[in-house]
Ligand SMILES: NC(=O)C1=CN([C@@H]2O[C@H](COP(=O)(O)OP(=O)(O)OC[C@H]3O[C@@H](n4cnc5c(N)ncnc54)[C@H](O)[C@@H]3O)[C@@H](O)[C@H]2O)C=CC1
Ligand SMILES: N[C@@H](CC=O)C(=O)O
Ligand code: NA
């Protein structure tokens, strides 16, 4: 068994020093990483041009699914960071406190790091990347955004010729899985979330998935790579999926739209950067509107290439391990190489990052889906449309439903043209103040993604 982990690169190449991997965390992604490393070791070594050897694992307890004979196992993950034999530390424990200390300890002892931890990168990436640069090592994080989709590589390298104008992505697998199952099978929110947890998609704290925090972590990373700016997680506007009702999903469908939970960033010349995560109506005709289940997709618009779309599984053991292991391959090539040859962490040289202002959500311009519970009487509709028109907001589509038996209020659904958020908020306040309106007006942003 030990030989399986220590597969040996072809004879003529044996003079190359093997690259020793220390892996911390044996949960969903750690387990997937073990499986993929073991199954594809021959190819992995051929890609790296060296023997990649898993020598040390840091795990709180053994996982009976894996035979770790021949590998040193420590209960304390810091023993891996302190192991002088380890060249690359793979951080898969999650969270930000121990993980940050662990990564700093590894970097300061001259080890490269591979991580899937988007919270860590989004919140502490500026500091960690600066420290890594100081010690001539890299922190690779392909698995941190959109799981198995190689979006970090695509944006940092494949799109380097472009000025990125905007990007929009379905970047949380759990959230998209929940929305899809609710829409297609009418399943209850809590029931689908439980399944996502069992499948290993959800974060340790699933409110990160449901309330959009995980998507915000990923969006801030993508935005920094897109526009060449430091990570600014605290500036992301975030709204989750827990408020989306099946009623609105159905009405959106009638209007030819899907409701998706999107992360969106856009550079507004002379204004700043939009950085927002929220439920969004998008036209059925867009490819991204048809991305369902645990699949993720990121639509990136570059000035030279135009729109490009990246699609694949956003969560799960082996899809995420695919990204982790490809980072291991990439970083292995740097072990023992001259420093300075790696792609910068955010795709732009550290001293070229620009601190662009982030546009407050009140200043963002989008179209809107509005649902109003209005008294079924002549004249009510004209009062609503008058308020909108006084605010300079025009209406693109309108549906008025028949009243249900015994009810005097009916749902009125409107699609508006683009308007500044603070204008629509003010108009909705006036609509809610009408005697003929029941309760709160529902408002969901709409994007054409053109
Ligand atoms: N599950 C997924 O589909 C994806 C997860 N990620 C990220 O990958 C990382 C790991 O996620 P999962 O594998 O899903 O989590 P998990 O909870 O399944 O695994 C984490 C493992 O680390 C261990 N651990 C935590 N703290 C430790 C410590 N101080 N010492 C030793 N072991 C410790 C836990 O006991 C657990 O076995 C997280 O940062 C997560 O956000 C990224 C992309 C996809
Ligand atoms: N919880 C995350 C895991 C991958 O990043 C998700 O569901 O997308
Ligand atoms: Na990825």
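No lab work stands behind these numbers, since they all come straight from the coordinates. Everything numeric in this text was worked out from a predicted model, so none of it was measured. Methodologically, a virtual Cβ is constructed for each residue, glycine included, from the backbone with ideal geometry; neighbour enumeration extends over all protein chains shown.
In the range 239-280, which residues have a backbone nitrogen under 14 Å from the label point lying 7 Å from residue 205's Cα in the Cα-to-Cβ direction?
Within reach of a label on residue 205: no residues.
First check a/c for the range 98-232, with a ≥ b ≥ c the square roots of the eigenvalues of its C-alpha gyration tensor; if it is under 1.5, answer rounded, and if not, answer prolate when a/b is larger than b/c or oblate otherwise.
Because a/c hits 1.5 or more and a/b fails to exceed b/c, the range 98-232 counts as oblate.
With each label point set 7 Å from Cα along the Cα-Cβ vector, what nm distance links residue 270 and residue 163?
Using points 7 Å along Cα→Cβ, the separation is 1.4 nm.
If I build a Gaussian network model for the chain, linking alpha-carbon pairs within less than 10 angstrom, which residue out of 61, 153, 105 has the largest mean-square fluctuation?
61
Of all DSSP beta bridges in the chain, what percent run antiparallel (nearest 5)?
Approximately 70 percent, going by the DSSP bridge assignments.
Starting with the fewest neighbours, write out 401, 450, 260 ranked by other beta-carbon atoms found within 10 Å of each beta-carbon.
By the 10 Å Cβ count, ascending: 450, 401, 260.
Let me see the P(r) profile for the chain: every Cα-Cα distance counted, bins of 10 Å, each bin given as a percent of all pairs.
Here the calculated profile for the chain is 4, 20, 27, 22, 13, 7, 4, 1, 0.
Please give the FRET efficiency for residue 79 paired with residue 191, using the beta carbon to beta carbon distance and R0 = 45 Å, rounded to the nearest 0.05.
Once the sixth-power term is evaluated, E becomes 0.65.
Expressed as a whole number of Å, what is the distance separating the alpha-carbon centroids of the range 413-450 and the range 258-290?
Comparing the Cα centres of the range 258-290 and the range 413-450, I get a distance of 18 Å.
When the helix-only estimate is applied to the chain (DSSP H runs of n ≥ 4, each -39,500 (n - 2.57), divided by the residue count), what is the mean residue ellipticity at 222 nm, nearest 500 deg cm²/dmol?
That comes out to -9500 deg cm²/dmol.
How high is the relative contact order of the chain, in percent, with contacts defined as C-alpha pairs under 8 Å that are six or more residues apart?
16 percent
Quickly work out the residue 63-to-residue 396 label distance, labels modelled 7 Å from Cα along the C-beta direction, and quote it in nm with one decimal.
With each label point 7 Å from Cα toward Cβ, the separation is 4.5 nm.
Can you tell me the FRET efficiency between residue 362 and residue 17 if r is taken as the Cβ-Cβ distance and R0 is 60 Å, rounded to the nearest 0.05?
Rounded to the nearest 0.05, the efficiency is 0.60.
Relative to the present Cα-Cα distance, how much length would full extension add between residue 434 and residue 305 at 0.36 nm per residue of separation?
Value of the extension gain: 41.6 nm.
What is the distance in Å between the Cα centroid of the range 324-395 and that of the range 232-254?
With the range 324-395 and the range 232-254 each reduced to a Cα centre, they are spaced 14 Å.
Averaging sequence separations of C-alpha pairs under 8 Å and six or more residues apart, then dividing by the length of the range 365-446, give the relative contact order as a whole percent.
Relative contact order comes out at 49 percent.
Given R₀ = 41 Å, FRET efficiency for residue 373-residue 234 by Cβ-Cβ distance, to 0.05?
0.70
From a point 7 Å beyond the Cα of residue 407 in the direction of its Cβ, which residues of the range 345-379 have a backbone N at a distance under 15 Å?
The answer is 371-377.
Sorting 237, 189 on the 10 Å Cβ count, fewest up front, what's the list?
Exposure proxy ranking, most exposed first: 189, 237.
Just need the relative contact order of the range 151-313 here, percent rounded to a whole number, with Cα pairs under 8 Å and 6+ apart.
Taking the mean separation of contacting Cα pairs over the length of the range 151-313, I get 34 percent.
Counting other beta carbons within 10 Å of each residue's own, what order do 229, 155 fall into, fewest first?
229, 155
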